[in-house]
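The structure appears right after this line, and notes come after that.
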Amino acid sequence: MAVVRRVVAPNPGPYTGPGTNTWLIDAGTVTVVIDPGPDDDAHLAAIDRALKGSTVSVVLVTHSHSDHLPLAERFASKHRASVRRFPELADGDVVRAGNVNITALHTPGHSADHLAFWVPADHSLFTGDLVLGRGSSMVTYPEGDVAAYLRSPNPSTVLLLLADDTLEASHWLLKAVPAAAIVSALPPAGRQLASWLKARAQADGFDVEEDAAALLVELSGEDLTQLLGEVEKAALAGGPENRRVGVTEVRAVVGEHRLHGIFELTRALARRDAAAALALLESLLNGGEDPLGVLAMLAREARAAWQAAEALRRGRAPEDVARALRRPPAAAAALVERAQALAPAAGARLLRRCWEVERRLKLGGVPRSELSLLIADLCAA
């Protein structure tokens, strides 16, 4: 079995994990290098140290992304080796180096030019970004192709694709995935959430009052895992052995000041009062409120306005829509009034805007500025 060494590039990040893996395969008298990585002097020196004077036979590259390819030519030139990658290296081509044979497998999806490298003698597969050791592979437009990715997954793994809503029959994803692999499992939403939370908490040994469940959903958003965590925290507010959760325990967890601030921000959004909403956002963030928690509440308000607008467009009476919102009368009326003023595509656009802000925050965006701009957009719609 060939000895394999790994050198991790100093490029950690949300898309690269701990850093790009550069692989060194001992092929007897020579070494095969896979994915030299980013053009970085420190990484070049680290690879050279790991080689320990061994001759480099060939440099293989899984794909042309900036965290895998850039150092290849510079490194290969230094060691007088060849660089081989797609399309010059095609599906099924065999690279012979020293005492090792490596088969190239064209595995598009993450990128159109993606290759995996199979070493049959060792039953080893170098997957590049087709399958990651930690996290999920990204398949992004325009280079990525999910349909192509689905045709070349690692057979020892399970790829789970989640859709936020029911897909139309003509959707390209339904054509790419076998019918037997499609399962409709829409999460509970809206009025169903409080009932789901009550039942799920009961399975865990907690007795959650209906009003308490509704209040937790109102304050914590629609993330199911977060809701269950809030139930446990609320129960502890009643003592270490307490398993009953009422409104009192929920208020003890969230705190009266936070409770008031969140409700006031909700009302300001319904009134489209940007100045008041921004002032309340500042107060919540200064008080230590989690930015993603605030974003969840803003997204919930955007979703409620969109759903109310869709119900009105389908001909439901405003008073029926207001009752379905399960909010205090004044708050429900304000939200219905806002929904009536939304342009046909505005609700969906605001939801997409919330998802965009979530992505930015998780990639290191500045919470205060991202949330302030989002509130301005929500109030202007």
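The values are calculated or read from the model by the stated rules, or taken from the named source; none is laboratory data. Being a predicted model, the structure only gives us computed values, none of them experimental. In this analysis, Cβ positions are derived from the backbone assuming ideal geometry, glycine residues included, and neighbour counts consider all displayed protein chains.
Those strands (runs of 3 or more DSSP E) of the stretch 53-123 in which 2 or more residues are among the polar types (S, T, N, Q), surrounded by fewer than 17 Cβ atoms within 10 Å (Cβ to Cβ) and assigned by TED's automatic domain parsing to the domain that holds V32 occupy 100-106.
Looking at the stretch 305-327 only, could you name the residues that are touching a residue at least 40 places away in the same chain (Cβ under 8 Å) and either under 13 Å from T266 (Cβ atoms) or not aliphatic (A, V, I, L, M) (or both)? Walk me through how you get there before you give the answer.
Narrowing the stretch 305-327 to residues touching a residue at least 40 places away in the same chain (Cβ under 8 Å): 305-307, 324, 326.
A305, W306, Q307, R326, listed by residue number.
Being in contact (Cβ under 8 Å) with a residue 60 or more places away in the chain and crowded, with 17+ Cβ neighbours inside 10 Å is the filter; apply it to the stretch 220-238 and report the residue that is nearest to the chain's Cα centre (by Cα). Residue satisfying both the conditions and the ranking: G221.
Taking the conditions exactly as written (within 18 Å of L280 (Cα to Cα) and touching a Gly at 6+ places or on another chain (Cβ under 6 Å)), does R368 satisfy them or not?
Values: within 18 Å of L280 (Cα to Cα): yes; touching a Gly at 6+ places or on another chain (Cβ under 6 Å): no.
Spelling it out, it is not the case that R368 is within 18 Å of L280 (Cα to Cα) and touching a Gly at 6+ places or on another chain (Cβ under 6 Å).
Considering the stretch 302-316, the residues that are among the charged types (D, E, K, R) and in a loop (DSSP other than H, G, I, E, B) include one that is surrounded by the fewest Cβ atoms within 10 Å (Cβ to Cβ), namely R314.
Out of L350, L335, L361, one residue alone is over 30 Å from P14 (Cα atoms) and assigned to a helix (DSSP H, G or I). It is L335.
For E241, state whether it is charged (D, E, K, R), free of Cβ contacts under 8 Å to residues at least 12 places away in the same chain and not in a helix (DSSP H, G or I). Spelling it out, E241 is indeed charged (D, E, K, R), free of Cβ contacts under 8 Å to residues at least 12 places away in the same chain and not in a helix (DSSP H, G or I).
Inclusion of R85 among residues that are of a type outside the set (F, W, Y) and on the phi > 0 side of the Ramachandran plot is not warranted. Can we say S372 is over 27 Å from A212 (Cβ atoms) and hydroxyl-bearing (S, T, Y)? Judged against the criteria, S372 is a match.
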